[in-house]
1. Under 17 Å from a point placed 7 Å out from the Cα of residue 27 along the Cα-to-Cβ direction: which residues of segment 61-80 have their backbone N that close?
2. Quick check: pseudo-label points 7 Å beyond the Cα along Cα→Cβ at residue 50 and residue 67, how many nm apart are they?
3. Count charges around residue 23 for me, please; just the other residues with Cβ under 14 Å from its Cβ, Lys/Arg as +1, Asp/Glu as -1.
4. Could you list 125, 67 so that the one with the fewest beta carbons within 10 Å of its beta carbon is first and the one with the most is last?
5. Between residue 116 and residue 162, what FRET efficiency follows from the Cβ-Cβ distance if R0 is 25 Å, with the result rounded to 0.05?
6. Taking each full run of DSSP H in the chain as one helix, which ones are at least 18 Å long along their axis (Cα atoms) and have mean Kyte-Doolittle hydropathy of at least 0.5?
7. Rounded to the nearest 0.05, what FRET efficiency do residue 99 and residue 183 have when you use their Cβ-Cβ distance and R0 = 25 Å?
8. Using only alpha carbon pairs under 8 Å that are at least six residues apart, calculate the relative contact order of the chain and give it in whole percent.
Amino acid sequence: MKNKTEEQIQDQVLDLVTHALSADQIEQRDSQILSIAKAFAEAIAVDAYQARDQLVTEMFARLQLATELNWQEHAQLCIGLNDIRTRDGLLRMLHDAPELRSQFQSHLIREVSRAQQDFAAPLATVFAGIAWLEGERQLTRLAVDHALEIDSSYSLAQLLDIALRHDVPASVWSSSLAAVSFDACLKGAA
């Protein structure tokens with residue numbers, strides 16, 4: 001039996017469309033994306049591990065709050081999930097915090113619809129990964145399909161698609177996340 005939150009999220013996934021943003025909102029979003037991307041690239045050049053650890057920590061803390069993300073926070077999420085090691089670090093932390101997954105899904109679904117095309121596939125795929133951890137196979141399928149529609153070459157979406165088509169149980173995804181430490185994710189061993 002689905003709970004109300006799952007039904008609401010599923011309705012949102014089915015109706016995923018880019019929200020009509022005003023010119024001012026687009027300018028704010030794009031400006032923040034450029035700013036955060038530049039700052040993250042500079043931090044990576046100095047100490048890649050530390051830069052990723054800091055961004056994951058900030059994203060993880062912020063996504064626990066129910067309030068809507070501002071454009072700077074949206075940009076951090078987009079840039080962070082676009083970096084594979086940072087994305088995997090966040091997924092690893094979420095694996096160990098099942099009580100936060102629903103909250104994170106709520107943020108991700110909202111941010112997919114506000115994101116630039118370049119960042120929507122990682123957001124939708126992380127949403128799908130969380131849905132799969134939660135045993136929400138149909139929701140996972142919808143989100144993976146959406147991610148692949150946006151970017152058919154996005155590798156994590158392709159892997160989830162293959163797993164779903166071959167009826168791989170979600171426990172395999174969970175075991176894979178559990179087998180790799182947070183540090184290994186940030187260092188690229190995942």
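Values in this text are rule-based calculations from the coordinates and carry no lab data. Predicted model, so just to flag it, every value in this text is computed and none were measured. Glycine also receives a Cβ, built like all others from the backbone with ideal geometry; neighbour counts cover every protein chain displayed.
1. 71-72, by backbone N distance to the label point.
2. Result for the modelled spin labels: 2.9 nm.
3. Every neighbour counted, the sum reads -2.
4. Ascending Cβ contact count within 10 Å gives the list 67, 125.
5. Efficiency, from the Cβ-Cβ distance: 0.40.
6. Flagged H segments are 117-133.
7. Values: r = 23 Å, r/R0 = 0.92.
For residue 99 and residue 183, the calculated efficiency is 0.60.
8. Values: 205 pairs, mean separation 43.4, N = 190.
Dividing the mean separation by the residue count of the chain yields 23 percent.
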